[in-house]
Amino acid sequence: MTEPTDIELFAQICNGNEAAFRTLFERYFTSLSVYANKILSDTEASIDIVQSLFVSIYENRTTLNVQNVRSFLYQSVHNRCLNEIKHRNIQNQYASNAIFVVSEASNDVEETIQLSETEALIANAMQQLPPQCRKVFEMSRIDGLTNDEIATQLNLSKRTVETQISKALKILREKLKAEN
């Protein structure tokens, strides 16, 4: 009995065949993880990226139309690695800006305390957002992704992304106003 081709496995996955999904996962997981690690130099993040790709494939299996499975998998991992690098750069920039703001305010203890309290209020308010709303908002405001990029990654319409961001901003404004 011959092993099924990648395209045969993908067709079976699209029809909900979990054994085919497991086979494709086992066939590519290690090599994709190694590939991601060459880009990121971070084993844990590389594994997370590959796992999240396979989760995304499974969740969107009925809508995916892939002609070259291997190419699709490697390109997807590559793009996700680039997004991770972009995300890290934004986090580093945010951390640098936060350190600069805190160091400027360090002469005034009251300002420093107020800044910390405000950051805690914002973090707490964000945790209270509905899960999808929070994810879209974080991807937009923290990760720095465009609405189109968010829509593509989460398989949503651009309008839904815009609505979720507006909803998050409204909820955050209300929660922060109530706290003050």
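Of all lysines in the structure, those lying under 27 Å Cα to Cα from Lys177, and not within fewer than 8 positions of it along the same chain, are Lys135, Lys167. Calculated mean residue ellipticity, 222 nm, the chain: -27500 deg cm²/dmol, from DSSP H runs (n ≥ 4) at -39500 (n - 2.57) each, averaged per residue and rounded to 500. Label 7 Å along Cα→Cβ of Leu82; segment 117-155 residues with amide nitrogen under 17 Å? Answer for segment 117-155: 144-154. Average accessible surface for the chain: 64 Å² per residue, computed with a 1.4 Å probe over protein heavy atoms with every protein chain in place.
Each residue, Ser31 and Leu121, gets one label point 7 Å from its Cα in the Cβ direction; the gap between the two is 5.4 nm. Modelled spin labels at Lys167 and Ser56, positioned 7 Å past Cα toward Cβ, are 2.2 nm from each other. Reported to the nearest whole Å, the Cα centre-to-centre distance from segment 62-91 to segment 1-32 is 18. Roughly how many percent of the accessible protein surface of the chain is carbon and sulfur, given a 1.4 Å probe and a whole-percent answer? Roughly 51 percent, rounded to a whole number.
Cβ-Cβ distance of Asp48 and Thr146, R₀ of 22 Å, FRET efficiency by 1/(1 + (r/R0)^6): the value works out to about 0.45. Modelled spin-label separation between Gln91 and Glu8, with each label point placed 7 Å from Cα along the Cα-to-Cβ direction: 4.2 nm.
The values are calculated or read from the model by the stated rules, or taken from the named source; none is laboratory data. Since we're looking at a predicted model, the values are computed, not measured. Every residue, glycine among them, receives a Cβ derived from its backbone with ideal geometry; neighbour counts consider all protein chains shown. Accessible surface areas use protein heavy atoms only, side chains included; no ligands, DNA or RNA. Shrake-Rupley method; radii C 1.70, N 1.55, O 1.52, S 1.80 Å.
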